[in-house]
1. Sequence-distant or interchain residues sharing an amide H contact under 5 Å with R111, placed H: which?
2. Specify the residue with the greatest mean-square fluctuation among D15, D118, D315, computed from a Gaussian network of the chain linking alpha-carbon atoms under 10 Å apart.
3. Please list, in chain and number order, the residues 5+ apart from F244 or on another chain whose amide H is under 5 Å from its amide H, with Hs placed from the backbone.
4. Once neighbouring chains are kept in place and the probe is 1.4 Å, which whole percent of the accessible area of the chain is contributed by carbon and sulfur?
5. With a cut-off of at most 15 other beta carbons within 10 Å, and DSSP calling the residue loop, which GluC sites (Glu not before Pro) in the range 23-78 qualify? Please list them.
6. How much accessible area per residue does the chain have, in Å², with a 1.4 Å probe?
7. Counting Lys and Arg as +1 and Asp and Glu as -1, each charge on the Cβ, what is the dipole of the range 1-84 about the Cα centre in debye, to the nearest 20?
8. Work out the FRET efficiency for S120 and E343 from their Cβ-Cβ distance, taking R0 = 41 Å, and round it to the nearest 0.05.
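The values are calculated or read from the model by the stated rules, or taken from the named source; none is laboratory data. None of the values given here were measured: they were computed from a predicted structure. Neighbour counts are summed over all protein chains in view; Cβ atoms, including those assigned to glycine, are modelled from backbone coordinates with ideal geometry. Calculation scope for accessible area: heavy atoms of the full protein, side chains included, ligands and nucleic acids excluded. Shrake-Rupley method; radii C 1.70, N 1.55, O 1.52, S 1.80 Å.
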Amino acid sequence: MTELDPVRPALLDPDALVRAIASGRRRGEEPTWRRVELRYVDLKAGRRLQVTAYDDAQAHIDNHAVGAEAERAVDSLLGMPFGNWHVETTTETIQVRVTKKGKVLAHSVPRAEPVEVDRSHDREKARALEEGDPVFAALGLADEEGRIKPSRRSKFRQVQEFLRILDTTLTDAIVAGHLRRPTPEDPLRIVDLGCGNAYLTLAGHRYLRSVRELPVRVIGVDRRAQPLWTDPAVEAAVGAPTEFVPGTIEEVALDPAPEVVLALHACDTATDDALARAVEWGAPVVLAAPCCHHDLAAQLRTATPPAPYSALVRDGILRERFADTLTDAVRAELLRDRGFRVEVMQFVESQHTPRNTLLRAVRTGSARSSGEYADLVSAWGLEPKLAQLLAPLDA
């Protein structure tokens, strides 16, 4: 705890703490929780330190009275072998990272402007961007009075979930040292490959700049012109220039290379093209929400299933669903082989979109694959598109 002494006073200040996040692990040690978030909330009984701890399945929330009870909770968390702490207060942001050799690196940045702290207890009502934000009207999700259109509610929900995941991913990657800390002179470079209308990405641009105050440069790439990327109203709502580059994922040239690669609902092997470009560019962070999975589904129609798994592909509907799962499992293993930590997670609830899987990949530099990839594709007689695209890069 001595190493984390600068963090403790900030965590125990019920007036100044905005939020704190503990994540990652130290070499050879495993904390009780995968991730922990701390913030102070105002309840009927008074102000409490709210600790939200995440395991692999769910969130566990506890509220602790200010004083000795909160101190015990904080000291317990500081005693766990988390590799990273990100602490935001009303006056500064504190980053603490423990290296593989056990060295503690601390960094503090003063806030450029004061921040208003949200102490409300009902987190369900809290949104990354409120309905009335001008970006939603510019994107066509809200009417002129700033109300989300009934027919666009599902898309609005997708946007909110994406912003939450984007914020968490970038914050954790920066704190862990896997992604550099951007500056106004050298903003974080983000590209959306196969961007389409890019509701999610353009809203993300707005959120990162206006709410998170993170300097970013966002580029959309698509083979066809996308009006939203060149719409002055969208640019005004985002609050920064929007850049669009016409071209294919395979051939687009970006210099300098992007650091965050997005591929959101790119169709079939376009997701593989995007993942391959991310590997080629050495991008530290990748977020990919695959759409259809025709490639392996077609191969499974003619493949001879290994015993005793014929029942998985005998019926068309089961074969399609199995192909979806198999495709994303293969993609995750191939990325892990190349030094990424990969999570295959639910993007948004299935009632909002049937394509709700997200691959979140952060380059850590250490390959952690199960080693089962070769046996898996050999047993089914498959040639995944992503493996074909990566082969020249590995040569």
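1. The list, which skips near neighbours in sequence, is E92, T93.
2. Between D15, D118, D315, it is D315 that shows the largest mean-square fluctuation.
3. Amide H neighbours of F244: G220.
4. Working: 9280 of 18980 Å².
Carbon plus sulfur share of accessible area: 49 percent.
5. On the way: sites: E29, E37, E69, E71; in loops: E29.
Filter output for the range 23-78: E29.
6. Values: 18980 Å² over 395 residues.
Accessible area per residue, the chain: 48 Å².
7. On the way: 12 positive and 14 negative charges, 37 e Å.
Value, rounded to 20: 180 debye.
8. Numbers: r = 29 Å, r/R0 = 0.71.
With a Förster radius of 41 Å, E is 0.90.
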